[in-house]
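Written out below as structure tokens is the structure these notes cover.
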Amino acid sequence: MQGIGAGTTPLEISGDGSTIVGVTGPSNNRPFTWTQGGGLQFLPSLDGTGAGSASGINFDGSIIVGRSGSSLRPTMWVGGNPIDLTIGSAGILSLGASAVNDDGTVVAGQAQVISNGNLTAGIWTPGTGIMALSDYLTANGVLIPEGYRFFTCTAVSADGLTFAGYGSFPGFGDNGFVATIPPP
């Protein structure tokens, strides 16, 4: 066992165990990555403020997701470079990116809807931008039980076809879900 740095809060580890991501700093607001060989490294933010958090990572640690910048926009880091996931997204205010598939084509988390301010499970893909996970699943042939309200998506499979998280079902309170898109 070894420490990875004072004030660090690890939030996720890559599937191969090589890379840890999280947040650190006096106000818990700097995204970092840690590897055995490289130690603790801060990730750059979208606007250069250094603010943010890293909360999801793919299998080999090459793609990291989270939030960064003064307005904490959803961010994907590839090769240490931040990419703003809000570009091309309409109807959703933000996405708390917390999970990513292995090739970085599907990012999931919790989104806020512009029209009503509600929180819901959200997803980002290069083709759709940020959208409600329920809309994405329905468009891809998944039947959602009537009345189920998604709250957040906490995990996405390596191939980007299976999602897990939680929401609520009338009369049952909080309730976890798993949803799989049939492959084409």
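The values are calculated or read from the model by the stated rules, or taken from the named source; none is laboratory data. Worth saying up front: this structure is predicted, and the values here are computed from it rather than measured. No Cβ is skipped: glycine too gets one built from the backbone with ideal geometry, and neighbour counts run over all protein chains shown. When the accessible area is computed, the model is the full protein with side chains, heavy atoms only, and any ligands, DNA or RNA have been set aside. Shrake-Rupley method; radii C 1.70, N 1.55, O 1.52, S 1.80 Å.
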For region 56-146: relative contact order, % (alpha-carbon pairs under 8 angstrom, 6 or more apart):
22 percent
In nm, what is the difference between 0.36 nm times the number of residues separating ASP16 and ILE87 and their Cα-Cα distance?
22.5 nm
How large is Rg over Rh for region 31-122, taking Rg from the Cα atoms and Rh as the Kirkwood inverse mean of 1/r across Cα pairs?
0.98
For region 75-123, report the % of Cα-Cα distances exceeding 13 Å.
57 percent
Mean projected area (nm²) of the alpha-carbon convex hull when the chain is viewed from all directions:
11.5 nm²
R0 of 35 Å, Cβ-Cβ distance ASP47-TYR166: FRET efficiency to nearest 0.05:
0.65
By per-residue mean of other Cβ atoms within 10 Å, what is the highest-first order of 152-160, 80-88, 48-56?
48-56, 152-160, 80-88
Give, rounded to the nearest 20 debye, the magnitude of the charge dipole that the chain has about its Cα centre when Lys and Arg contribute +1 at Cβ and Asp and Glu contribute -1 at Cβ.
400 debye
Over all Cα pairs of region 2-84, how is the pair count split among 5 Å bins, expressed in % and running from 0 up to the last occupied bin?
3, 18, 31, 26, 15, 5, 1
Summing +1 per Lys or Arg and -1 per Asp or Glu among the other residues with Cβ less than 13 Å from VAL78's Cβ gives -4
Leaving out ligands, DNA and RNA, what percent of the accessible area of the chain is carbon and sulfur, probe 1.4 Å?
57 percent
To the nearest 10 Å², what's ARG149's accessible area with a 1.4 Å probe?
110 Å²
Using a 1.4 angstrom probe, figure out how much accessible area the chain has per residue, in square angstrom, rounded to the nearest whole.
48 Å²
